[in-house]
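Only one structure is covered here, and it is reproduced in the block below.
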Amino acid sequence: MEILPIEVIDKLVIIVAVFGISLVIAMYSTLAERKVSAFLQDRIGPNRAGIFGIFQPLADGVKFFMKEEIIPATADKGLFILGPSLSMLTACMTSAVIPWGDTLELFGRVIPLQVTDINIAVLYVFAVVSIGVYGIMIGGWASNNKFSLLGALRASSQMISYEIAMGLSIVALIMTTGTMSIGEIVYQQGGELYGIGALDGFAWNVFYQPLGFLIFMICAFAECNRTPFDLPECEAELVGGYHTEYSSMKLGFYLFAEYINMFISSAIMSALYFGGFNFPFIDKLDLSHNWETIIGVGFFFTKIIAFIFFFMWIRWTLPRFRYDQLMRLGWKILIPLSILNIIITGLVLLLTL
Amino acid sequence: MDNILFFILSALAIGGALMVILARNPVYSVLFTILTFFAIGGHFLLLNAQFLFIVNIIVYAGAIMVLFLYVIMMLNLNKQSEPTQPFFIKVIAAISGGLLLITLLGALRGMDSDKVISDIPYSDIGLVKNLGKVLFTEYLIPFEISSVLFLSAMIGAVMLGKKNLKDH
Amino acid sequence: MVNSQLSEFGIVLLFIIGAIAFVLITLTVSRFIRPNRPNYEKLTSYECGEESVGNVWSQFNARFYIIALIFILFEVEILFIFPWATVFGDEKKIAGTDGLWGWFSLTEMFIFISILILGLAYAWGKGFLDWIKPEPEVKDYQSPVPKSLYEALNQKYLKK
């Protein structure tokens, strides 16, 4: 048996790093959420565990591990466990196709900072999103609780409704880029905006697809079940929605999956529409390639954190939709708008060629 | 490596399909169907048919199975309410299933058994771009006609729903 | 190229296996270190302190099924549009046909999408996309304060 080729070891290191980083960021998003909400409501927020409460997520994690688990006697045990596990799994799967940075040249080898660049990456993301419904649906049904089932029903109906608008807004994006590999889409955004030399490195898709970005972002909010779309778990009507019966680590999975989803959708939005790791005037700095890459990664994470903050800002600012308003927005506004967006994109592309 | 993957995927697909009919709880049946679709998707991937793979996941495992789960979860198909089928329906079901099996076996007999899966040359037709080129030039008319099919399906769905909504 | 793409999917598989391992390890670890002292009351399902009545699995609003049915149709159509979107802006094709390819494929898609919109419009027109709206009840409570006074107040502040 031969030793693993060096490329495989590279990949393994990157996979472990991606897992680690997304888990740590999701963990600290929980703290950030509480700090941001405290800031917006003029409170202090958690400040006991360590300075500024930086050990709060660790304390929460330990608590999830140590709490007694209660599986209701009437629940379907196998599916009760499967539900949150699936939720967590689908949340973790997407980060495989996100390009975190350009290439690094180390020890004479070129290492791309991306787990893998499959050429149908956009469709892969779309597929994982469509599988994501099951975690909530199965968990809610298996609990054998009326609140849970109602929450699961609402969640699945909401997610499939917004999936269509999301797919149609991605179609318009693919029309302008002509490729489905996220890596290539990011590279394309390093050019000049509208061909103006002064705007080098600013060819972000958000300037070519403003309407598409807006639709995509609204759908991302809905797919993450974040306020104003958090009807599946709205505590005023449904106790805890689909996770009413859950406790211990399984509840932790559901809550944690939401934060990972938020992180991943922020990453996808910044990669598809906000230039990913590109930053303006990169060539003017005259740095070595490795430094450019490292600064690019820094910019990418800055964009992601800005989006995460935006998610939180929205959550603590806007009230929740009513169900008929939610469905009206999804079916009667977003879908016609995204079809219109496709038509406009097609006409503009042909007229400017 | 490809062969090992092929056998693992085949075992998963056949095992999943068996569990679909053996599982007592219909919800488990649906979940095993999803597993089967994933295994079949893996086969598509081994044949380098990326688009078919992703369609299989999104449409079958993602969309159609959500509808199945809806129907099964909401229609109260648990044990107490499951009606026992009359004997003659069981006989008819066995006959029709057996006929399908015979047809499949006949098709298998006619196949050239020398041709193993790894001999099929890799082609790039399964890549999305090539598929798009063929679909929108050569197979344009069937493509457009399929949209009429979708329209009729949508009207059918609405008609079905109309009856249901009136009952409520 | 082909084989490199296949191994790219292999890496995705590796990634998914890693995610599964993570979930399993977390579940097993928490299983061993948490207490387990169930009793009858703990294991009943939670319905705000009431004894739960009846079964959960009951009939639901048929609109959910219809939404799911229409969703499937749209999903399939989106997947048909994806291959088109990748070849639509193909510069080689456009140059090879004097720009005709672009207009040709755009009209193709116009026809396809307009038939799709027809279906959506039908479902819309039949009212299947309308969800039940809450209608606030108007109480016929007789207030000693006449309604015209409230109305006058409303009008006064409306103008400002």
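The values are calculated or read from the model by the stated rules, or taken from the named source; none is laboratory data. These figures come from a predicted structure and were not determined experimentally. Note: ideal-geometry Cβ built from the backbone for every residue, glycine included; neighbour counts use all protein chains shown.
Which of the residues that make up region B:14-51 are touching a helix residue (DSSP H, G or I) at 6+ places or on another chain (Cβ under 7 Å) and either of a type in the set (Asp, Glu) or away from every other protein chain (no Cβ under 13 Å) (or both)?
Taking region B:14-51 and keeping what is touching a helix residue (DSSP H, G or I) at 6+ places or on another chain (Cβ under 7 Å), we get B:16-17, B:19-20, B:23, B:26-27, B:29-30, B:32-46, B:48, B:50-51.
Residues satisfying the conditions are B:16, B:17, B:20, B:36, B:40.
Of the residues A:331, A:291, which is surrounded by fewer than 18 Cβ atoms within 10 Å (Cβ to Cβ) and part of a helix (DSSP H, G or I)?
Values: A:331 fails: surrounded by fewer than 18 Cβ atoms within 10 Å (Cβ to Cβ).
Selected residue: A:291, the only one of A:331, A:291 that is surrounded by fewer than 18 Cβ atoms within 10 Å (Cβ to Cβ) and part of a helix (DSSP H, G or I).
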Item to check | Sole exception among (1) farther than 19 Å from residue A:316 by Cβ; (2) crowded, with 20+ Cβ neighbours inside 10 Å for residue A:247, by number | outcome: (2)
Next on the checklist: Could you tell me how many of the residues in region A:148-169 are at the interface with chain C (Cβ under 8 Å from one of its Cβ atoms) and not hydroxyl-bearing (Ser, Thr, Tyr)?
Outcome noted: 7
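So which residues in region A:124-147 are within 8 Å of another protein chain (Cβ to nearest Cβ), within 30 Å of residue A:70 (Cβ to Cβ) and assigned to a helix (DSSP H, G or I)? Before you say what the answer is, go through the steps one by one.
Filtering region A:124-147 down to residues within 8 Å of another protein chain (Cβ to nearest Cβ) leaves A:124, A:126-127, A:130-131, A:133-134, A:137-138, A:141, A:143-147.
Next, only the ones that are within 30 Å of residue A:70 (Cβ to Cβ) stay: A:131, A:133-134, A:137-138, A:141, A:143-147.
Those that are within 8 Å of another protein chain (Cβ to nearest Cβ), within 30 Å of residue A:70 (Cβ to Cβ) and assigned to a helix (DSSP H, G or I): A:131, A:133, A:134, A:137, A:138, A:141, A:146, A:147.
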Checklist entry - Could you list, in sequence order, the residues of region A:235-288 that are touching a Lys or Arg at 6+ places or on another chain (Cβ under 9 Å), at pLDDT 85 or above and part of a loop (DSSP other than H, G, I, E, B)? => result A:274
Next on the checklist: Looking only at region A:327-353, filter to residues that are touching a residue at least 24 places away in the same chain (Cβ under 8 Å) and touching a Gly at 6+ places or on another chain (Cβ under 7 Å); which one of those is nearest to the other protein chains (Cβ to nearest Cβ)?
Outcome noted: A:349
Item to check | Sole residue being buried (at least 19 other Cβ atoms within 10 Å of the Cβ) and in contact with a helix residue (DSSP H, G or I) (Cβ under 8 Å, 6 or more places away or on another chain), chosen from A:44, A:25, A:14, A:54 | outcome: A:25
Checklist outcome for this item: With criteria (1) surrounded by fewer than 22 Cβ atoms within 10 Å (Cβ to Cβ); (2) on the phi < 0 side of the Ramachandran plot, residue A:185 comes up short on (1)
Item to check | Scope region A:110-123; condition within 18 Å of residue A:265 (Cβ to Cβ) and more than 7 Å from every other protein chain (Cβ to nearest Cβ); matching residues | outcome: A:114, A:121, A:122
Item to check | Pairs, first hydroxyl-bearing (Ser, Thr, Tyr) in region C:21-44, second not in a loop (DSSP other than H, G, I, E, B), C-beta under 6 Å, six or more apart | outcome: C:30/A:65; C:30/A:249
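Might you let me know whether region A:343-353 holds any residue that is crowded, with 20+ Cβ neighbours inside 10 Å and in a helix (DSSP H, G or I)?
Of the residues in region A:343-353, the ones crowded, with 20+ Cβ neighbours inside 10 Å are A:345-346.
Keeping just the survivors that are in a helix (DSSP H, G or I) gives A:345-346.
Looking through region A:343-353, at least one residue is crowded, with 20+ Cβ neighbours inside 10 Å and in a helix (DSSP H, G or I).
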Checklist entry - Which of (1) more than 18 Å from residue A:181 (Cα to Cα); (2) at pLDDT below 80 is the odd one out, the single condition residue A:102 does not satisfy? => result (1)
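Looking at A:113, A:153, A:86, can you tell me which residue is out of contact with any Pro (no Cβ under 8 Å at 6 or more places or on another chain), modelled with pLDDT under 85 and among the aliphatic types (A, V, I, L, M)? Walk me through how you get there before you give the answer.
Numbers: A:113 fails: out of contact with any Pro (no Cβ under 8 Å at 6 or more places or on another chain); A:86 fails: modelled with pLDDT under 85.
Every option except A:153 fails the conditions.
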Checklist entry - Is there any pair with a first residue in region A:312-326 that is closer than 27 Å to residue C:132 by Cβ and a second that is part of a helix (DSSP H, G or I) and acidic (Asp, Glu) whose Cβ atoms are under 8 Å apart and which are 6 or more apart or on different chains, and what are they? => result A:315/A:33
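Looking at residue A:165, is it more than 22 Å from residue A:96 (Cα to Cα), small (Gly, Ala, Ser), outside any loop (DSSP other than H, G, I, E, B) and within 18 Å of the chain's Cα centre (by Cα)?
Numbers: more than 22 Å from residue A:96 (Cα to Cα): yes; small (Gly, Ala, Ser): yes; outside any loop (DSSP other than H, G, I, E, B): yes; within 18 Å of the chain's Cα centre (by Cα): yes.
Judged against the criteria, residue A:165 is a match.
Mind checking whether some residue in region A:61-81 is touching a strand residue (DSSP E or B) at 6+ places or on another chain (Cβ under 9 Å) and of a type outside the set (Asp, Glu)?
From region A:61-81, those touching a strand residue (DSSP E or B) at 6+ places or on another chain (Cβ under 9 Å) are none; that's our starting set.
No: zero hits.
Residue by residue, here is whether (1) farther than 29 Å from residue B:68 by Cβ; (2) modelled with pLDDT of 70 or more; (3) of a type in the set (Ser, Thr, Tyr) holds:
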| position | (1), (2), (3) |
| --- | --- |
| C:29 | yes, yes, no |
| C:33 | yes, yes, no |
| C:38 | yes, yes, no |
| C:44 | yes, yes, yes |
| C:55 | no, no, no |
| C:65 | no, yes, yes |
